[in-house]
């Protein structure tokens, strides 16, 4: 092995890992349950987004159209609102309407 290759090999071995990577390695990777939860949450948000493409909806409207319980729909809406994916609109029948945020081009 040349000195250059030996130095490169030593450098890559000495490279510090992020704490998250160390923990993941110690635990044997990402737990399957966490992967499944993440996939389910992404599927729910995708379905909510699909329904909102039709126009603003209230939580009960979204729950009925998506087939998910209202409390789950509300939880995801609040997360989507936090990250700027949706906006809160007018109040209708005691519920706020939620719609997709218009994207700037």
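In a fully extended conformation the segment linking residue 42 and residue 102 would gain 19.6 nm over its present Cα-Cα distance, using 0.36 nm per residue.
Dividing the alpha-carbon radius of gyration of segment 3-100 by the rule-of-thumb value 2.2 N^0.38 Å gives 1.73. Each of 96, 74 was scored by other Cβ atoms within 10 Å of its Cβ. Arranged with the fewest first, they read 96, 74.
Each peptide in 16-22, 44-50 was scored by the mean count of other Cβ atoms within 10 Å over its residues; highest first, the order is 44-50, 16-22.
No value in this document is a laboratory result; all are computed from the given coordinates. Everything quoted here is computed from the prediction, not taken from an experiment. Here Cβ is always computed from backbone atoms with ideal geometry, including for glycine, and neighbour counts include all displayed protein chains.
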